[in-house]
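Taking it in order: structure first as C-alpha cells, then the write-up.
The values are calculated or read from the model by the stated rules, or taken from the named source; none is laboratory data. Bear in mind that the values here come from a model prediction, so they are computed numbers and not experimental data. Cβ placement follows ideal geometry from the backbone for every residue including glycine, while neighbour counts extend to all protein chains displayed. SASA here: full protein model, heavy atoms, side chains in, ligands and nucleic acids out. Shrake-Rupley method; radii C 1.70, N 1.55, O 1.52, S 1.80 Å.
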Amino acid sequence: MSGLSYTAPSTISEAVALLANEAGLAKVMSGGTDLLVQMKIGRLKPSLIVDTKKIPGMIGIREIGGCFVIGAATSGALMGEHAGLVAAWPGVVEATNLIGSTQVQGRASLAGNLCNASPGADSPPAMIAAGAIAVIAGPNGTREVPVEAIVTAPGRTSLGKGEFITEFRLPKKAARSGDAYLRFIPRTEMDIAVVGCGIAVTLDAAGVCVAAKVSLGAVAPTQLVVAGAAAALIGNKLTDAVLAKLDAECQAVCKPINDKRGTIEYRTKVAGVLARRVAAIAFQRAGA
Amino acid sequence: MSKTHVTTTINGEPAEFLAEAGLTLLDALRDEVGLTGTKEGCGSGDCGACSVIVDGRLVCSCLMLAVEAEGSTIETIEGVATGDTLHPLQRKFIEYAALQCGFCTPGFLVAAKSLLEKNNNPTETEVRFWLAGNLCRCTGYDKIVRAVMDAAAEMRGA
Amino acid sequence: MTYIGNKSDLRVVGTRPDRPDGVDKVTGRAIYGADFRLAGQLVGRILRSPHAHAKIIKIDTSKARALPGVKAVMTAQDMPNITSEESFVGEGPTNFRDQSLNVMARDKVLYEGHAVAAVAAMSPSIAEAALALIEVTYEVLPHVIDVEEAMAPGAPILDETLFTAGVDPKPTTPSNIAKKIILKSGDIDAGFAKADIIAEGRYVTAAVHQAYIEPHACVATIGADGQATVYASSQGHFMIRAFCAKLLGMEISNIRVIPLEIGGGFGGKTIVYLEPVALTLSKMAGKPVKLVMTREEVFRASGPTSGAVVEVKMGAMKDGTIVAAQAVLKYQAGAFPGSPVQPGLMCAFAMYDIPNVHLTGYDVISNRAKVAAYRAPGAPISSYAAEQVVDDLARQLGMDAITIREKNAAKAGTKTVYGVTFPEIGYEAVLAAAKSHAHWKAPLGKNQGRGIATGFWFNIGGESSASVFVNEDGSVSVVSGSPDIGGSRASMAMMAAEVLGIPVANVRPIIGDTASIGFTNVTGGSRVTYATGMATVQATEKVIEQLKQRAAMIWDISPDAVDWKDGQAVPAGANAGGFDPLSLAAIAAKAGKTGGPIGSEVSVNAQGAGPGFGAHICDVEVDRETGQTTILRYTAIQDVGRAIHPSYVEGQIQGGAVQGIGWALNEEYIYDAKGKMDNAGFLDYRVPVASDLPMIEAVLVEVPNTRHPFGVRGVGEVPIVPPMAAIGNAVRDAIGIRMHSLPMSPPKVRKALDSGQG
C-alpha cells in the first residue's frame, strides 16, 4: 500500500477537485467494506482515497414531502433505524441492511454497494425497483440519473473522472404500493447473492396491479430491469397464472455465468422462484 | 512514507498513534497501540474476530482505516470488563463453556455486548442473526447462544 | 489405580467448574500465535506459486536482497536437501523429504500456493515489496486436480520417482497412486452369495478445510551459537521441535519451543509450515522473525482433508444380518503421499460385526495442497458412504434404521477387519439411547426428513508427560506437554484435584515448553484427556505417596500407617496414633525439613485407548424450489467413557457435529480450469454461521474405559464422523432421492429434484 494518501474533505466541491485532479487512481470511500478488501487482495491499488463521510449530508436520511433523500454514504443499519423509511420502502431497507454481517451493515453504504459494481450487489435491484434516482456531483456540476444507469459492467460505472454520488432520492410512496427484496444465498447470512430480486408494485382499489417494476441481480453483468415481468403483473391480481408468467419472464432475461456461487441453470430457475416470492410480499405490502 | 497522527479514545482512555494511510484499524490496535485482544481471522470482514465498537457502532476493525478513527471513541475486548469485574457476558461465556480455543471469543463478546446494548431481550433467532458475522469453528455456537441469552436475562434482572 | 467405581463418589470429575484459562480468554489477555512479539523482530513473508504444477527454472532474489530494509531472502537452497525418510510425527505418518519440499519447493511447485521463497524485512510494506522483486522463472506443466483423473493412465505425473506401493509385481512406470492397500476378512464372494439383498453406491466427497479461525503464526529466533527458540501456536510444540530439527539438520536440544495459545486446529496444526522458514530467515538475518499466514494462505497452502471417491456395496439377509461389505476408497493426498485412506478403510464398517469384508484403498497425489489431519482423519469420508448404504439396506428391508444397526452392532469381543478385538465398548448403549430418544419418534412436516448415522473412532493414547508440584503454600501446579485446544487444562486440574481430594481451584494447570516437561505427542486423535490425563493421575498418585511419607516423618510413624483422605494425611487407624490430620499446606510448610520440595513427573506411553462410537439424528427441511437444506433439529449421542468436564465434552460433540454439517451442506474446495483454488476465503468457503443452525443436543453415554483411571475415552473425533451420512439420509427421507456427492449444496439438490437423480 505504498504511495497511498488518504483525505477526508468537508465539502462536495473539495472532494470533486481532489478526485478530478489526482494523477493516479483516486477512489471514493464511504463504508470502505469493499474497497479495503479489494486493496488487500491487490485488485485495486489506489494512490488516493477520498473519504466522503465528513461531508455534510453524505450520511443521513431526510424526508421531504414524502420523498426520501438518503446520503450516499448512509449505511444499511442507519436506514433500518429510520422508521419512516422502513414504513415507506421496506424492500429497499431490507436489501441494504442484509449486506454482509452486522459489522458490515454498520459501515457498508448505498453508494459503495452500487459503485462497487458487483452483479451480485443486494441494494441495487431494490433501489431500481423503487425508482431511485442517484444525484451525482462532478466537475461540471450535478446531474441526476436513475440508479440502473450507474453500473455499466462488472466493476465499471458510468461515473466520469471527478464524479461521485452524493445522495439518492426515493419517490413519494404511492397509495396502495409496496416493495420487497429477496436474495438467494447458500447459507442464511454472510454470502454474496446467487440471485437477487427487487419488486415494487402499486395496486388499485380492487387490488389490481397498476404499476410495477421488477429488477434482478446476479443473473447478468449488471442488474436487469425486467419489463416483461412488470408487464405480466400490470393489470392483474397475483393469480397462479400471473405468477407463472412472472417466473417465465424473469427466467427468459437471465444471462448468468457459471461460477463458484451457482450455475447458469440454477441461477435462472431461482430467479423465477424469487420473483414469485418477492411479488407475493410486495403485493401483500401494497394491501392485496 | 509519511504517517498521520491519529487521536482517539480507546476503552475510555485517550490514545494516540501514527498510521500510514493504508493501515487498518485492526493493525493499528494490535501493532501500534498494543491491544492484541482483537484478533485477525481473515482480514476481509468475513469472520468477525476483529470486532470492535466505534462510536457506538459494531464494526470489523479490518475493514476500517486507522486514519478514519481520528476523533473516534473505540471499545475493544480489553475494555469490556470493568477493572477486575467481568462483564456478565464474560462471566456467562466462562460459566457456559461458550469458548473452546478462545480465539473468536473477543469478537463474539464485543458483538454480543453491542447487541445487548440495543436489544436487552433478544430471541434466540435474533442472537443467531446478529452474531452470524462471527465465525466459531469449535463450539457449533450452541453454548455461545445460550451464554448470550442468559447474560441478557441476568442484565435485565439486575 | 482406578477411580471409576461409583460415579457419585467423585467430587470433582463430572462437575462443571470454570476453566482455569477462562478469564484470560474472555478479556483478550491470552497470547495466541500472532499476538507474540520479540524486540527487534523482523516481518517475514512467503512467496507462493501462482501455478498448480510447474518446474522452477530459476529464482533470482538479487533485486529483493538489494531493497533497503530487507534483511534476509531465502529459498529451498538455504535449507538442507534431505533424503526420503519415513517417520511418525504429529498425527500421521510423514516423510521428512516430502515435508521439507512442502515447506519450501525445490525443483518443482506442485500446487498453487506452494512456497518458493521467503523474505524477512523491517516492515510489512518492505517485505511485500521484496516479494514482488523476486523473479521466479517457471516452466508450467499440465496439472491434475481430480482424484480419478490423477489415477488414470496418461495423467500428468507429479513425482517421476513415485511407484505405487502395495502392488505385485512392483510397477515399472511412475504413478500418482502412491499406495494401494487391501484389508479383508472372511470371503467376500461367499458373503454376497449368501445375501438376500444388496445395496450399493458411489459417493464423492469434496476436500474440506479444518478452517480454524486462527491462521498459523510463529516467531523464531536463533543465536550465533545455534541455540534456537520458537514461539508458536500449534497442536504440539514437541512436534514442531522434531520437524525443525529434522528439516534444518539441527540437534533437538538446540531448539526450544514455547507453546502459545492455539486458536483451533482440528488436526491442521499437527505439522509445520512456517517454523523452519522463520528459523532459516532468523539465522540469515541475525534477528527474530515473525511469520503469520493470511487467511488466503491458510486455504491455499495448509492442509485440508481429502476429497475422495468411495464405492460401497453391502449385502444382507432378510432378517437384517449384514453378511458382506465391500468398499473401494480413492483418497486425495494432495501434492505428497499420505492421505488418511488407511484409517478410512479401518473405520468404514467398524460399527458392525460383519463376517466378510473386503476393502481397497488408494492414496493418490494431485496438484492440491498436501492434506493434513482433520478430526478422525479418513473416517468421516468412508462412513459417509457406508452409512448411507446401510440406510438403503434398511429401506429395502423395511426395517428401522436403528434396528438394523442393533442387529449387526459391534460389541465386546467383535473382531475388526484390521485385526483388533474390541474390549468393552458402548455402541449398543449409544444405539439404545438413540432409539429411546424423543427425537427419533417426533413427527415431521412436509418436505422434512429424518436421518440417522453412526460413527467410530479408535481414540489414541501414546506419549505424554505431566508434572505435579505441591508449592510452598500447599497449592498445586500441574504441568503438562499438551497444548490446550479446547479446555484440557480444566480436565487435567480436575483429575489432579479429584485424586488429591482438594478443590479444583487449588490446582493451577499450565502447559510446559519443550525444555520444561518431558516429550508429549500432539494434541490430536482424542488422546490428551486419555494419555496426558493418565500421566497427570500417575504423577498425582506419586505426589500423594510423598505426602504420606512426609506426614509419617512429621508424626514419626511408618508411612504405611498414613492414609490420604479428603486432601489430608490422616493416621491409617487407631493403632497409628492419635494425630490431627495434616493438610497439604501443613505438609508443604515442613517440606524443607522432611526432604525438600514435593513433586513428581511421569511420562507414559499410554495404551488401551477406548474405542468411541456415536449416533447422530438429524431432521432437515428441503426447499424444493431452491434446493436449500435447513437443519431443523440435531441430536448427537456418544459414548464418552466418562466425561471429566461434561460442558467441554458436550462442546466437542456440538462443534464436531457442526463441522460435519458444514462438510455436508456447503464446504468445498473449488478449483478453476488452471488448477487454482477459486474460493480461498471465508466468503466463499462457507463454514456454518450461527443463523444456519439449531441448538445441537449432545447426549453423553458413559461406558467407562477400564484402561483409564477415570474411564475416559476420547471424545473429539467421533462427532465429525456421522453428520454427513446422517444429513444425507435425512435429505433422502425428505425428497425421496439419494444425493451422491458432497456438499449437498442448493444447486445440486435442485438439479437432483429436477432430474430425479442425486
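Worth pointing out:
- Positions within the stretch C:96-127 being in a strand (DSSP E or B) and of a type in the set (Gly, Ala, Ser), in sequence order: C:115, C:117, C:118, C:120, C:121
- Residue check for residue B:67: farther than 28 Å from residue A:192 by Cα and facing chain A (nearest Cβ under 9 Å): yes
- The single condition among (1) away from chain B (no Cβ under 14 Å); (2) under 29 Å from residue C:525 (Cβ atoms) that residue C:673 does not meet is (2).
- Residue among C:165, C:195 that is without any contact (Cβ under 8 Å) to a residue 24 or more places away in the chain and not aromatic (Phe, Trp, Tyr): C:165
- Exclusive hit being closer than 29 Å to residue C:214 by Cβ and more than 13 Å from chain B (Cβ to nearest Cβ), set C:687, C:731, C:712: C:712
- The one condition in (1) open to solvent by 10 Å² or more (accessible area, probe 1.4 Å); (2) in a strand (DSSP E or B) that residue C:466 fails to fulfil: (1)
Conditions tested, residue by residue: (1) open to solvent by less than 10 Å² (accessible area, probe 1.4 Å); (2) touching a helix residue (DSSP H, G or I) at 6+ places or on another chain (Cβ under 9 Å); (3) touching a residue at least 12 places away in the same chain (Cβ under 8 Å); (4) within 29 Å of residue C:363 (Cβ to Cβ).
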position	(1), (2), (3), (4)
C:230	yes, yes, yes, no
C:242	no, yes, yes, yes
C:250	no, yes, yes, no
C:255	yes, yes, yes, no
C:270	yes, yes, yes, yes
C:308	yes, yes, yes, yes
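- In the stretch A:24-48, the residues that are away from chain B (no Cβ under 13 Å), in a loop (DSSP other than H, G, I, E, B) and under 18 Å from residue A:110 (Cβ atoms): none
- In the stretch C:734-741, the count of residues that are closer than 30 Å to residue C:627 by Cβ and under 21 Å from the mean Cα position of the chain (by Cα) is zero.
- Residues that are without any contact (Cβ under 8 Å) to a residue 40 or more places away in the chain and open to solvent by 10 Å² or more (accessible area, probe 1.4 Å) within the stretch C:711-758 comprise C:736, C:737, C:754, C:755, C:756, C:757, C:758, listed in sequence order.
- Inter-residue pairs, beta-carbon under 7 Å, first within 11 Å of chain A (Cβ to nearest Cβ) and in the stretch C:608-632, second part of a strand (DSSP E or B), 6+ apart: C:626/A:184; C:629/C:620; C:629/C:622; C:630/C:620; C:630/C:621; C:631/C:618; C:631/C:620
- Within the stretch C:17-37, the set of residues being under 28 Å from residue C:299 (Cβ atoms) and in contact (Cβ under 8 Å) with a residue 12 or more places away in the chain comprises C:25, C:30, C:31, C:32, C:33, C:34, C:35, C:36, C:37.
- Per-region count, the stretch C:318-328, residues open to solvent by 10 Å² or more (accessible area, probe 1.4 Å) and either touching a Leu at 6+ places or on another chain (Cβ under 7 Å) or not in a strand (DSSP E or B) (or both): 3
- Candidates in the stretch B:91-150 are the residues that are more than 21 Å from residue B:38 (Cβ to Cβ) and of a type in the set (S, T, N, Q); of these, the one that is nearest to the other protein chains (Cβ to nearest Cβ) is B:125.
- Among (1) β-branched (Val, Ile, Thr); (2) free of Cβ contacts under 8 Å to residues at least 60 places away in the same chain; (3) under 28 Å from residue A:267 (Cα atoms), the one test that residue A:128 misses: (2)
- Members of the stretch C:488-513 found to be in a helix (DSSP H, G or I), out of contact with any Gly (no Cβ under 8 Å at 6 or more places or on another chain) and open to solvent by 10 Å² or more (accessible area, probe 1.4 Å), listed by number: C:488, C:489, C:498, C:499, C:504, C:505
A quick yes/no check of all residues on (1) modelled with pLDDT under 95; (2) surrounded by fewer than 19 Cβ atoms within 10 Å (Cβ to Cβ); (3) out of contact with any Lys or Arg (no Cβ under 9 Å at 6 or more places or on another chain); (4) not in a loop (DSSP other than H, G, I, E, B):
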residue	(1), (2), (3), (4)
C:148	no, yes, no, yes
C:173	no, yes, yes, no
C:180	no, yes, yes, yes
C:190	no, yes, yes, yes
C:193	no, yes, yes, yes
C:202	no, yes, yes, yes
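- Helices (runs of 4 or more DSSP H) lying entirely in the stretch B:62-136 (those with 1 or more residues that are farther than 24 Å from residue C:16 by Cβ): B:105-118, B:124-130
- Counting only helices (runs of 4 or more DSSP H) wholly contained in the stretch C:329-439, the ones carrying 3 or more residues that are surrounded by fewer than 22 Cβ atoms within 10 Å (Cβ to Cβ) and modelled with pLDDT of 95 or more occupy C:379-397, C:401-407, C:427-436.
- Subset of the stretch B:1-32 [more than 9 Å from chain C (Cβ to nearest Cβ), open to solvent by 50 Å² or more (accessible area, probe 1.4 Å) and aliphatic (A, V, I, L, M)]: B:18
- The C-beta contact set for the stretch B:113-128 (first residue over 13 Å from residue C:695 (Cβ atoms), second residue modelled with pLDDT of 95 or more and open to solvent by 80 Å² or more (accessible area, probe 1.4 Å), distance under 6 angstrom, 6+ apart or interchain) comprises B:120/B:156.
- Taking the stretch A:7-23 as the range and being open to solvent by less than 50 Å² (accessible area, probe 1.4 Å) and either of a type in the set (A, V, I, L, M) or within 13 Å of another protein chain (Cβ to nearest Cβ) (or both) as the test, the residues that pass are A:7, A:8, A:15, A:16, A:17, A:19, A:20.
- Unmet criterion (only one of (1) within 14 Å of chain B (Cβ to nearest Cβ); (2) in a loop (DSSP other than H, G, I, E, B)) for residue C:719: (2)
- Test set (1) within 14 Å of chain C (Cβ to nearest Cβ); (2) surrounded by 24 or more Cβ atoms within 10 Å (Cβ to Cβ); (3) closer than 24 Å to residue A:100 by Cβ; (4) touching a residue at least 24 places away in the same chain (Cβ under 8 Å) - residue B:43 fails condition number: (4)
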